[in-house]
Amino acid sequence: MPRVEGKVALVSGGARGMGAAEARMLALEGAKVVIGDILEDEGRRTEAEINEAGGECVFVRLDVTSAADWQNAVALAVSRFGKLDILVNNAGIVARGVLEDSSEEEWDRIMAVNGKGVFLGTQAAIPEMRRAGGGSIINTSSISGMVGQDYVQAAYNASKGAVRIFTKATAIQYASEGIRANSVHPGAVDTPMAGARLSDPELQRQSEERIPLGRTGKPEDIAYGVLYLASDESSFVTGSELVIDGGTTAQ
């Protein structure tokens, strides 16, 4: 039987990259999927691809920094598919450079998307998960939420660290209601957000040298982890960190 048969999932940042891979995999494994993103053209293309492949998917415009957009996305999931079981807080932005190069505006933007977006999404989803009798919240953090790095903005590390501990607090506060919360911590992954690295062979070489398995991750590598946490196979897993980084942080 498909691993998330009969479940309804909402994936933020689902238009492309890891979010699109996660949405496709959840749909392939039986979930009805809502993808939210500010990238409307790409989002509608992903929606069409999933539906043409035999899945059930609907796109909604979602700015994760907007509480109203989140309420609308959750309401759409419930009105279209009857409930909400799975929330994947995947949307995020990254910035490279050192602390002194970062502006106050950049700090605020990174924190708003990566931190506040997860907070607002979780807050909007919990009442519907309670009505459904439980649910699974999967927050995309990063290895940058676990270790410091010299090649990304400290604001990015701070935002992903916030997601890590926010997830644990959510898990503890809602465990008694059958609502689980876990974080996923990808290492380097080939996605559009990694454009600066992918377009520079030297940066790509340096990145892969840091990875014991010797390659960059694929979006599907992360999607398999999300699928596990979304499924009942992980029914005894909450407040945990799933690191998918080719061994980078084991060094």
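The values are calculated or read from the model by the stated rules, or taken from the named source; none is laboratory data. Since we're looking at a predicted model, the values are computed, not measured. Heads up, the Cβs are rebuilt from the backbone with ideal geometry, glycines too, and the neighbour counts pull from every protein chain shown.
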Six or more apart or on different chains, Cβ atoms under 6 Å: show the pairs whose first residue is in the stretch 95-120 and within 16 Å of residue 193 (Cα to Cα) and whose second is assigned to a helix (DSSP H, G or I) and among the small types (Gly, Ala, Ser). 110/155; 110/159; 114/159
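Scan the stretch 125-142 residue by residue and report those that are touching a residue at least 24 places away in the same chain (Cβ under 8 Å) and either farther than 27 Å from residue 193 by Cβ or of a type in the set (Ser, Thr, Tyr) (or both). Before you say what the answer is, go through the steps one by one.
Step one: list which residues in the stretch 125-142 are touching a residue at least 24 places away in the same chain (Cβ under 8 Å), which gives 125-126, 128-142.
Passing the criteria: 126, 128, 129, 130, 131, 132, 133, 134, 136, 140, 141, 142.
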Filtered residues of the stretch 171-186 (kept if on the phi < 0 side of the Ramachandran plot, without any contact (Cβ under 8 Å) to a residue 60 or more places away in the chain and either buried (at least 24 other Cβ atoms within 10 Å of the Cβ) or not polar (S, T, N, Q) (or both)): 174, 177, 179, 180, 181, 183
I want to confirm something. Restricting to the stretch 1-11 and keeping residues that are part of a loop (DSSP other than H, G, I, E, B) and among the aliphatic types (A, V, I, L, M), which single residue is surrounded by the most Cβ atoms within 10 Å (Cβ to Cβ)? 4
Just for helices (runs of 4 or more DSSP H) wholly inside the stretch 78-194: which have at least 3 residues that are of a type in the set (A, V, I, L, M)? 117-132, 154-174
In this structure, is residue 192 more than 30 Å from residue 235 (Cα to Cα) and modelled with pLDDT of 95 or more? no
Scan the stretch 43-53 and tell me whether some residue there is under 16 Å from residue 118 (Cβ atoms) and outside any loop (DSSP other than H, G, I, E, B). no
Exactly one of 243, 189, 237 is without any contact (Cβ under 8 Å) to a residue 60 or more places away in the chain, more than 20 Å from residue 121 (Cα to Cα), among the aliphatic types (A, V, I, L, M) and surrounded by 13 or more Cβ atoms within 10 Å (Cβ to Cβ), and that one is 237
Could you tell me how many of the residues in the stretch 28-54 are in contact with a Ser or Thr (Cβ under 9 Å, 6 or more places away or on another chain) and either free of Cβ contacts under 8 Å to residues at least 24 places away in the same chain or within 15 Å of residue 8 (Cα to Cα) (or both)? 3
By residue number, the members of the stretch 12-41 that are surrounded by 19 or more Cβ atoms within 10 Å (Cβ to Cβ) and either in a helix (DSSP H, G or I) or among the aromatic types (Phe, Trp, Tyr) (or both) are 17, 18, 19, 20, 21, 22, 23, 24, 25, 26, 27
Would you confirm whether any residue within the stretch 55-63 is under 18 Å from residue 8 (Cβ atoms) and of a type in the set (D, E, K, R)? yes
Residue satisfying all of: in the stretch 107-162; among the β-branched types (Val, Ile, Thr) and closer than 19 Å to residue 238 by Cα; surrounded by the most Cβ atoms within 10 Å (Cβ to Cβ) among these: 118
Within the stretch 60-77, track down each residue that is assigned to a helix (DSSP H, G or I) and more than 18 Å from residue 6 (Cβ to Cβ). 67, 68, 69, 70, 71, 72, 73, 74, 75, 76
